[in-house]
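Worksheet for the structure shown next.
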Amino acid sequence: MKKKILSLLLTAICTGMIMTGCGGGNKTSDMDYAEKNYASGSTTTADEWYQEESIDYDYSYGDGSGYETAEEAYEPENPGSSSDSSNALSQRKLITTVSMDVETEEFTDLTITVENKVKALGGYMESYNKGSESRRGSDVRLQYANMTIRVPADKLEDLLSTVKGTANVVDMTSNTEDVTLTYVDIQSRKESLQVEYSCLLELLAEAESVDQIIMLQNRLTEVRYQIESMESRLRTYDNQVDYSTVYLYVKEVERVTPVITKEETTGDKIKSGLSENMYAIGAWFKNFFIGFVIFLPYLALIAVIVIITLLAVFIPLRISKKKREKKVQEWQRQQEMLQIQREAAAENTNQDS
């Protein structure tokens with residue numbers, strides 16, 4: 001009973017310190033829930049506690065940075081100076097994402113220009129994939145590239161202007177997400193947990209029983225884990241706000257797609273259609289000629305094989321035909337000789353009679 005009374009007393013002191021640090025108020029805060037857990041001896045984990053609060057936090061680090069010591073990581077800020085939240089409210093947190101599909105006849109020049117421009121603006125390539133593929137049934141391989149570019153938000157328009165000036169933009173979409181309220185909410189909860197962490201350290205220093213020490217240490221671990229998660233989420237937001245993301249798809253083409261800047265008339269449509277068809281016909285003949293020239297060695301080999309086959313078949317037939325004709329002629333001569341002999345024999349018989 002004495003241990004329970006002491007625990008309730010320590011909990012009440014901690015609650016008073018937290019309410020004072022947060023400026024007081026009648027609204028129930030996250031700390032109220034935590035203190036109820038202490039008083040009731042609940043073993044609710046950090047994940048269960050945050051699921052009840054209906055907030056989803058990303059536990060991955062945005063930049064991979066950590067803390068040098070626990071004291072530096074969890075030293076609570078001055079409760080009276082909550083200027084960070086007010087500054088966050090006055091400065092909107094906007095995450096901008098742009099997707100662009102572009103065409104170019106000078107693939108290498110364009111990619112080099114984009115890379116140099118990104119470096120000059122202080123950005124970086126988050127991912128860069130290149131490849132090639134055959135187009136229009138020919139053996140000509142055209143290149144393509146998928147780029148994920150991170151560039152300072154205030155330099156985004158400069159990069160887009162460079163891309164538009166050196167390539168034909170086929171499609172472009174831009175999305176801006178305002179995460180100000182979410183950012184401020186996470187920051188406020190982090191500050192509240194930092195105050196709780198400081199209070200728990202004071203209670204731990206005054207704890208006498210092993211049960212109290214274990215309970216406070218468990219809660220300290222949970223609070224520390226939650227603070228790390230929130231700070232990781234804030235760093236991720238800061239990176240996404242400071243650096244806009246551009247998804248750039250570059251495709252090499254033999255002829256860029258005409259960009260329609262106004263409503264086409266019937267004459268414009270006819271002219272455009274004729275131009276496309278004439279280009280397609282010319283490209284077909286061009287590819288046919290290139291393919292014919294490329295396959296000439298194969299065609300010559302096929303011709304030689306065909307000729308040899310014909311000679312192998314028809315020469316024996318010709319020889320056989322000549323032999324047959326010679327035999328026929330010989331037989332005809334023999335028949336003629338026999339006929340002559342029969343006629344001579346018939347005349348001799350008539351003379352004798």
Karplus ³J(HN,Hα) for segment 302-315 (6.51 cos²θ - 1.76 cosθ + 1.60, θ = phi - 60°; Hz, whole; x = Gly/Pro) runs 4, 4, 4, 4, 5, 4, 4, 5, 4, 5, 5, 8, 7, 4
Could you run the Karplus curve 6.51 cos²θ - 1.76 cosθ + 1.60 with θ = phi - 60° over segment 211-227 and give me ³J(HN,Hα) per residue in whole Hz, x for Gly and Pro? 4, 5, 4, 5, 4, 5, 5, 4, 5, 4, 5, 5, 5, 4, 4, 5, 5
Quick query: amide H of Val170 versus all other amide H atoms, modeled in the peptide plane; which residues come in under 5 Å with a sequence gap of 5 or more or a different chain? Asp101, Val102, Glu103
In Å and on Cα atoms, what radius of gyration and Dmax does segment 106-206 show? 23.5, 82
Computed E for Asn287/Lys119 - FRET, C-beta separation, R0 35 angstrom, nearest 0.05: 0.35
Would you mind pulling out the separation of the Cα centroids of segment 281-305 and segment 177-195, in Å? 69 Å
Tell me, what HN-Hα J-couplings in whole Hz come from the Karplus equation 6.51 cos²θ - 1.76 cosθ + 1.60 at θ = phi - 60° for each residue of segment 93-98, using x for Gly and Pro? 9, 10, 9, 10, 10, 10
What whole-number value in cubic angstrom gives the convex hull volume per residue for the C-alpha atoms of segment 151-229? 120 Å³
Amide H within-cut-off set for Tyr243, under 5 Å, with H built and near neighbours excluded: Ala153
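Give Lys119/Lys155; Lys164/Lys251; Lys93/Lys130; Lys164/Lys286 a once-over and call out the pairs whose C-alpha atoms are over 22 Å from each other.
Lys93/Lys130; Lys164/Lys286
Just so you know, all these numbers are worked out from the coordinates, no wet-lab data involved. Owing to the predicted nature of the structure, the values given are computational and were not obtained by experimental measurement. As a convention, Cβ positions derive from the backbone with ideal geometry for all residues, glycine included, and neighbour counts pool all protein chains shown.
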